[in-house]
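The values are calculated or read from the model by the stated rules, or taken from the named source; none is laboratory data. Small disclaimer: the values here were computed from a predicted structure and weren't measured. Here the Cβ positions follow ideal geometry from the backbone for every residue, glycine too, while neighbour counts run over all protein chains shown.
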There are 2 protein chains.
Amino acid sequence: MRMNKGVEWATHACTLLAPLGPDKGLSLTALADYHGVPQPYMAKQMQALSKAGIVRTSRGKSGGYALARPVDDISLWDIKQAVDGPEPAFRCTEIRQQGPCALPSAECKTPCAIAAAFARAEAAYRDALRGIKLSAIVSDVAGHADAKHIGDIVAWYQAHVTEMPVRP
Amino acid sequence: MRMNKGVEWATHACTLLAPLGPDKGLSLTALADYHGVPQPYMAKQMQALSKAGIVRTSRGKSGGYALARPVDDISLWDIKQAVDGPEPAFRCTEIRQQGPCALPSAECKTPCAIAAAFARAEAAYRDALRGIKLSAIVSDVAGHADAKHIGDIVAWYQAHVTEMPVRP
DNA sequence: AATATTCGGATATTAAATATCCGTATTTAA
DNA sequence: TTAAATACGGATATTTAATATCCGAATATT
């Protein structure tokens with residue numbers, strides 16, 4: 001079982017957008033370059049985030065991406081769901097309805113006990129991710145960076161941030 | 001994110017072996033036929049279970065597979081782990097160490113906050129699966145089967161069970 | 001109004017993981 | 001000794017993920 005790598009990149013991208021507030025953003029190029037990931041694939045993730053309403057975009061010259069909601073209102077589950085889709089990892093193929101002792105489909109109204117068990121575990125996973133907000137990630141990262149590195153980041157921000165004021 | 005389909009088959013196979021107790025088993029052919037899954041692929045899963053000490057095997061004529069431990073001592077996590085391997089779904093690629101503002105590797109002793117967060121969620125998933133024992137699955141399935149179907153299963157068992165006494 | 005820049009989306013292309021199958025060796029009851 | 005069964009390694013096909021390319025639509029700037 002392996003998670004879509006795009007989830008990692010999308011989460012890093014959101015972490016990078018977080019300190020900018022609602023009125024500033026970064027272009028796709030900047031987001032891709034910052035972490036050295038291929039631009040077209042980064043675009044795919046950002047578009048998924050955009051569709052899910054996690055980031056908003058503005059096009060044309062000086063366009064880019066900005067967070068669409070407060071950092072306390074974006075959970076890791078939101079991001080994972082947006083990029084990785086809504087399907088559960090365990091997908092019941094109803095093999096109980098096959099073979100010499102197959103259950104007739106009339107008796108399969110209740111979900112297979114095995115599928116139900118895995119679904120409960122995935123619900124626990126989901127709830128854990130729901131409890132982790134972008135704000136917690138950002139403050140954790142900030143707490144570990146040293147002064148020099150923060151300087152680098154600030155300089156990079158100043159060179160790349162684009163204005164994306166929210167219009168009423 | 002999609003789970004290895006073999007986990008489903010392996011779990012069903014264990015569920016089928018559970019009522020037989022430690023001294024009786026089923027051949028690979030029987031296990032594969034019961035749920036109508038391809039035999040060579042079923043073999044792969046059973047061998048994984050065997051390596052993990054969840055089932056024991058006996059080779060040669062009248063050989064087969066039997067559970068190696070009491071049904072209360074086998075969790076869904078054990079099975080998932082045996083078939084799907086130990087690697088986490090989220091794998092940090094350390095992209096914080098790449099790009100124009102890359103963190104020097106000296107500062108990356110503590111794990112990336114994002115990776116750590118996903119790891120916590122996977123721990124919740126693991127703990128949930130650990131809490132679900134094969135015994136619970138078996139009794140749940142048994143509770144939902146009707147009398148006629150149970151008759152079918154008993155007849156099938158009688159035709160396919162092989163003796164696999166535990167030798168001291 | 002023209003233009004350069006940027007996102008959106010569709011579509012290849014490549015790489016990786018999963019699923020399936022086969023052949024041979026090894027074990028064991030009869 | 002023989003027949004029947006699993007173990008193991010590898011070969012192949014299928015599916016999914018990752019990467020790259022392209023063109024059209026939108027928009028800020030000139």
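Just give me the residues in the range B:49-65 being on the phi < 0 side of the Ramachandran plot and not hydrophobic (A, V, I, L, M, F, W, C), in sequence order.
B:SER50, B:LYS51, B:ARG56, B:THR57, B:SER58, B:ARG59, B:LYS61, B:GLY63, B:TYR65
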Practice prompt. Output the qualifying pairs, or none if there are none: Cβ atoms under 9 angstrom, residues six or more apart or on different chains, first residue in the range A:1-28 and at positive phi, second residue outside any helix (DSSP H, G or I) and more than 13 Å from DNA strand C (Cβ to nearest atom).
Written response: A:GLY21/A:LEU67
Discussion item. Which count do you get for residues in the range B:24-55 that are closer than 15 Å to B:VAL83 by Cα and either more than 7 Å from DNA strand D (Cβ to nearest atom) or surrounded by fewer than 22 Cβ atoms within 10 Å (Cβ to Cβ) (or both)?
Written reply: 15
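Residues checked against (1) in contact (Cβ under 8 Å) with a residue 24 or more places away in the chain; (2) over 28 Å from A:ALA159 (Cβ atoms); (3) touching a helix residue (DSSP H, G or I) at 6+ places or on another chain (Cβ under 7 Å); (4) facing another protein chain (nearest Cβ under 7 Å):
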| site | (1), (2), (3), (4) |
| --- | --- |
| B:VAL55 | yes, yes, yes, no |
| B:GLY63 | yes, yes, no, no |
| B:LEU67 | yes, yes, yes, no |
| B:ASP78 | yes, yes, no, no |
| B:ARG96 | no, no, no, no |
| B:GLY99 | no, no, yes, yes |
| B:LEU103 | no, no, yes, yes |
| B:ALA123 | no, yes, no, no |
Response to the item:
Of A:THR15, A:THR57, the only residue that is more than 8 Å from DNA strand C (Cβ to nearest atom), polar (S, T, N, Q) and modelled with pLDDT of 90 or more is A:THR15
Fill in: The one condition in (1) at the interface with chain B (Cβ under 9 Å from one of its Cβ atoms); (2) part of a loop (DSSP other than H, G, I, E, B) that A:PRO22 fails to fulfil
(1)
Fill in: Residues being hydrophobic (A, V, I, L, M, F, W, C), at pLDDT 85 or above and outside any helix (DSSP H, G or I) - total across the range B:113-163
2
